[in-house]
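One structure below.
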Amino acid sequence: MKQNASLKRNPVLFITQAAVIAALYVILSMLSETLHLSSGVIQCRISEALTILPAFFASAIPGLYVGCLLTNLIASATAWDIVFGPVATLIGALGTYLIGRAVRAKALGRSDKEAAGKVSVLRVVILTILFALPPIIANAVIIPPILKFGLELEYAFWFIVVTVTAGEIIACGIFGGLLLAALLRNAYTRTLLTGNGVASVETTVADASVAAEIAATQD
């Protein structure tokens, strides 16, 4: 939990991380829009891969919410989509964050191989399923009614549920899984999840600031 504690001491870093994640979400969503996959009955936003980030960074929660909100505003979505689309993203982000906390608390993400930078494929798959489930479920429940009754699409409701869920599985499960694998191979981000005893960057910066203040007082 060092990362979250240090972020509380450094709100500027928290806001910066959230802003970067929001910007990445918008950019990736616009990329999906060029492929006509950002909205509609068949949608698969590449940006939804970022929904695994709350397991590592609490700042990803507001970042994803703002990113989704801005994306829908830029895409000239309906009021229904602008209001409830980000809500689905927020609920999913909160769920992933809580699961990430549980993983850290129970040390499910820790192993000797991971400490050396080696992450098993099975562990990546398990963690991907755990972290991807909240956004998949949230969007599968909230988005289809918006498309069916808000946009009054003529497709059968069950078809919309299937297509939206499939798109989320691809974006969160496959693309998100690839992102998760990359994060687990990085020493710093792996530490945020596994807690292998390496001090986080934020903690180091915060401790350095405290040390500087003590030195200035002594002078």
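Structure notes:
- Subset tally (residues that are part of a loop (DSSP other than H, G, I, E, B) and either in contact with a Phe, Trp or Tyr (Cβ under 7 Å, 6 or more places away or on another chain) or free of Cβ contacts under 8 Å to residues at least 24 places away in the same chain (or both)) for the range 8-38: 2
- Pair list, Cβ under 8 Å, 6 or more apart: the range 141-157 residue without any contact (Cβ under 8 Å) to a residue 12 or more places away in the chain and farther than 13 Å from ASN72 by Cβ, other residue part of a loop (DSSP other than H, G, I, E, B) and among the aromatic types (Phe, Trp, Tyr): none
A short reminder: the numbers here are calculations on the coordinates, not readings from a lab. Only a predicted model underlies this, so the values are computations on that prediction, with no experimental measurement involved. Reconstructed Cβ throughout: ideal geometry from the backbone, glycine too, with neighbour counts over all protein chains shown.
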